[in-house]
Amino acid sequence: MSLYCGTACRRKSFWCYRLLSTYVTKTRYLFELKEDDDACKKAQQTGAFYLFHNLAPLLQKSEHQYLLPQYSLVELEKLLGKLGQDTQRIEDSVLIGCSEQHEAWFALDLGLTNSSSMSASLQKPEMEAELRGSFIELRKALFRLNVKDASLLSTAQALLRWHDAHQFCSRSGQPTKKNVAGSKRVCPSNKIIYYPQMAPVVITLVSDGTRCLLARQSSFPKGMYSALAGFCDIGKFRACTDDTGRRKTTPIVVISCVAVIVLGVSSTFPPVMSRKCLWHYNFPIFYRQTFKHTA
């Protein structure tokens, strides 16, 4: 029995070390691509590209599920040629990850215009017909994909959105230039480096022990409710403190909460430049009342 347990433990340790080793090598490889433009250009030759149009990812429907198509560099160059676009447009792509076999993954938005690109944005219907798919809003697409693909698209959209909104230097007003991987932008005139930003977000679940407090916005689809969430004020974010969540709960539904439980941080939901911290609050029984919402 002891021999069997020892063998099982060694096997478990082997797979743990292997998973850790795979994670480390992937992380180092991605770091190399972000820091070395030549290495990133070389990775594009054998990499895979995911397409977007105005921040909406391309999906293809197969029976009862949606697939996330990927294209090689050769296929992408042929597509751009058919649509009358210069292959220089590929320089607008951003690195979003890699496989365990070190196949680099990139995202490219053909609906956005870049300050350094001479090509106009492509029309959505024309692209959907050529690609035999649909560009679907990311928040809707997330519910039709697995966790891995949803996380990948969230990363891609956040980076593409950031690059679209930071094409000029805030100090000199000159156009900034991104590196090949898209992990930063540099102002040629003053050499200031801009990196993708994150903003802290609080998500709270208020409960009285048997029921949860949910709310909705007027823009939500009919019947959709969610937990309370909002951005943190500047200088007031303190990780893992109940005061942060209370400040976001009280103004929205005008209640006071006690007994906080920290559930965790971060999520795959877009945009990933938002750091999301989750809290669970206990709403005491003597504060219970019915809230009516007219939205």
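Every number in this text was worked out from the coordinates using simple rules, so none of it is lab data. Model, not experiment: these values are computed from the prediction. Neighbour counts run over all protein chains shown; Cβ positions are idealised from the backbone, glycine included.
Peptides 221-228, 165-172, 27-34 ranked from most to least packed, by the mean per-residue count of other Cβ atoms within 10 Å: 27-34, 165-172, 221-228. Shown is the FRET efficiency for R144 and D36, computed with R0 = 45 Å from the Cβ-Cβ distance and rounded to the nearest 0.05: 0.80. Site pair Q167 and K184 shows an inter-label distance of 2.3 nm when each label is modelled 7 Å from Cα along Cα→Cβ. For I96, the residues 5 or more places off, or on other chains, whose built amide H falls under 5 Å of its own are W105, F106, A107.
Multiplying the residue separation of E137 and S72 by 0.36 nm and subtracting their alpha-carbon distance yields 21.1 nm.
Among the GluC sites (Glu not before Pro) in the range 110-207, which ones are in a DSSP loop with at most 14 other Cβ atoms within 10 Å of the Cβ? Mind listing them? Each step should come with its number before you reach the end.
Numbers: sites: E126, E128, E130, E137; in loops: E137.
Sites meeting the loop and neighbour criteria: E137.
Counting only DSSP beta bridges with both residues in the range 24-194, the antiparallel share comes to about 75 percent. Annotation: extensible slack from E91 through E130 equals 11.9 nm (criterion: 0.36 nm per residue apart, minus Cα-Cα distance). Annotation: extensible slack from K26 through A229 equals 69.8 nm (criterion: 0.36 nm per residue apart, minus Cα-Cα distance).
With θ taken as phi - 60° and the Karplus curve 6.51 cos²θ - 1.76 cosθ + 1.60 applied, the whole-hertz 3J(HN,Hα) list for the range 172-183 is 9, x, 7, x, 8, 10, 8, 6, 4, 6, x, 7 Hz, x standing for glycine and proline.
Report the calculated FRET efficiency for Q217 and Q60 (r = Cβ-Cβ distance, R0 = 41 Å), to the nearest 0.05. Provide the component values of the computation, followed by the final result.
Numbers: r = 31 Å, r/R0 = 0.75.
Computed FRET efficiency for Q217 and Q60: 0.85.
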